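Asks: Pasting a structure here, questions to come.
We did not get these values from a lab; they are worked out from the coordinates using the rules stated. This one's a predicted model, so the numbers in the text were calculated from it and none came from an experiment. Here Cβ is always computed from backbone atoms with ideal geometry, including for glycine, and neighbour counts include all displayed protein chains.
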């Protein structure tokens, strides 16, 4: 069951750091069970003006009214912020990649288009919204309420939205809603992270080690900018660690495979940046899970690729998942409020991974790596074992 809870409103001011919103009012139970947040929804109203000499602003660039969004979940094993200073446009791209349908795009403000008001919805993911069971990596609301952090930096000028000095941001406001779902008693969601990395001056790219579930190349600067035709023509190779993802493949072929795997309506398809006249190439997919892929089939290592074309400056937008040991999972449950002694006494046979494979009891034979990647349910824990009701 999904629960929507508005936690506040925000009003734009030039260069304002949004810190007045927090998670303190969050409900931590749904129908008597622990709650976990899957995403935030920012419903925005933006007033813009393009006067004489104005460049205009595309609807996709309007998402960058939020330039940096930062979320810490309070999860003890979140090694870094869950949302690490992503823009609203990055969130739009992630929603498209994960859910297969691009969110509604406001009508462009044309050059010298006068004063307009536009509405848009920015979905800030706290887990993989495109997985079969997104709440497997959702953020426990008891931890969000107790230790979570939320802040954002708004656009300080129309140039942040792709306009110029003759375009203006007149006003903007947003309501912020947290969407949560119920978990089983004793369920421990897995950690995950969303971030970007800037790579400059090379077509031979090496990013840091991670367990990457999604990766895409986007333009540096405002996130609605397209890759011009011919700027990425081929991928000589794409690797995550020792895992080879692609070898000597044309960008068009690669993007078309992404469309078949992840996109559910033709209007949301992307084209390769060898023929942008035929469509939109505001991101170039590099890594994604296919529909039939196991939740455990997530490669680990440094993300590397070599491309052909003219683009040498990339912003890599990535989603990673983490793993947890038995002691890590105990720490999470204790932090939520379960009795420490009871948690530690749960036998290994009752710490069941959230998977239909293997069958009951077979998880004891799983490799340590596979067990660590899967969310668990400590099946013997009850609501009474939670020391405090949040």
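Asks: Once the mean 1/r over all distinct Cα pairs of the range 236-328 is inverted, what Kirkwood radius in angstroms do you read off?
Replies: 15.0 Å
Asks: Could you pull the Cα extents of the range 1-94 along its three principal axes, largest to smallest, in whole Å?
Replies: 58, 28, 24
Asks: If you average 1/r across every pair of different Cα atoms in the range 53-178 and take the reciprocal, what Kirkwood value do you get, in Å?
Replies: Taking every pair of different Cα atoms in the range 53-178, averaging 1/r and inverting gives 15.9 Å.
Asks: I would also like to ask the following. Please give the calculated 222 nm ellipticity per residue for the chain, where each DSSP H segment of at least 4 residues contributes -39500 (n - 2.57) and the sum is spread over every residue; nearest 500 deg cm²/dmol?
Replies: Taking each H run of at least 4 residues, the total per residue is -4000 deg cm²/dmol.
Asks: Separate question: As an exercise, use a Förster radius of 41 Å and the Cβ-Cβ distance of residue 349 and residue 147 to find the FRET efficiency, rounded to the nearest 0.05.
Replies: After rounding, the FRET efficiency stands at 0.85.
Asks: Normalising by the residue count of the chain, find the relative contact order in percent from Cα pairs under 8 Å and 6+ residues apart.
Replies: Reported as a whole number, the value is 22 percent.
Asks: Ok, one more. If you wrap a convex hull around the alpha carbons of the range 303-358, what volume per residue comes out, as a whole number of Å³?
Replies: Per-residue hull volume (Cα only) is 160 Å³.
Asks: Still on this structure, please answer the following. Relative to the longest principal axis of the chain, what angle (0 to 90°, nearest 10) does the C-alpha long axis of helix 326-336 take?
Replies: With both axes taken from Cα atoms, the answer is about 80 degrees.
Asks: Something else now. What full-extension length gain, to one decimal in nm, is calculated for residue 280 and residue 9 as 0.36 nm per residue of separation minus the Cα-Cα distance?
Replies: Extra length available between residue 280 and residue 9 comes to 94.3 nm.
Asks: A follow-up question, please. Sorted by packing (mean other beta-carbon atoms within 10 Å per residue), highest first, where do 312-318, 186-192 land?
Replies: 186-192, 312-318
Asks: Could you list, bin by bin from short to long, the percent of Cα-Cα pairs of the chain in 10 Å steps?
Replies: In whole percents, the pair-distance histogram is 5, 23, 30, 25, 13, 4, 1, 0.
Asks: Measuring from a point 7 Å past the Cα of residue 308 along Cα-to-C-beta, which residues in the range 249-272 have an amide N at less than 11 Å?
Replies: The answer is 249-251.
Asks: Using the beta-carbon distance between residue 2 and residue 290 and R0 = 30 Å, what value does 1/(1 + (r/R0)^6) give for FRET efficiency, to the nearest 0.05?
Replies: Result of the calculation: an efficiency of 0.70.
Asks: Over the range 39-87, what relative contact order in percent results from Cα pairs under 8 Å that are six or more residues apart?
Replies: 29 percent
Asks: As a footprinting exposure proxy, order 69, 245 by other Cβ within 10 Å, with the fewest listed first.
Replies: So the ranking, lowest neighbour count to highest, is 245, 69.
Asks: How high is the relative contact order of the range 41-121? Use alpha-carbon pairs under 8 Å, at least six apart in sequence, and give a whole percent.
Replies: Rounded, it is 50 percent for the range 41-121.
Asks: Taking only the C-alpha atoms, wrap a convex hull around the range 161-206 and report its volume per residue in Å³ as a whole number.
Replies: In the range 161-206, the Cα hull volume divided by residue count equals 158 Å³.
Asks: Among 342, 368, 177, which comes first, then next, by fewest other beta-carbon atoms within 10 Å?
Replies: By the 10 Å Cβ count, ascending, the order reads 368, 177, 342.
Asks: Set the Förster radius R0 to 35 Å, insert the Cβ-Cβ distance between residue 77 and residue 237 as r into 1/(1 + (r/R0)^6), and round the FRET efficiency to 0.05.
Replies: Efficiency computed from Cβ-Cβ geometry: 0.65.
Asks: Next up: What ranking do 66, 258 get, fewest neighbouring Cβ atoms within 10 angstrom at the top?
Replies: Lowest to highest Cβ neighbour count: 258, 66.
Asks: Still on this model: Hey, if you drop one equal point scatterer on each alpha-carbon of the range 152-293 and run the Debye formula without solvent, what base-10 log of I(q)/I(0) do you get at q = 0.10 Å⁻¹?
Replies: With no solvent term, the Cα-only Debye profile gives -0.50.
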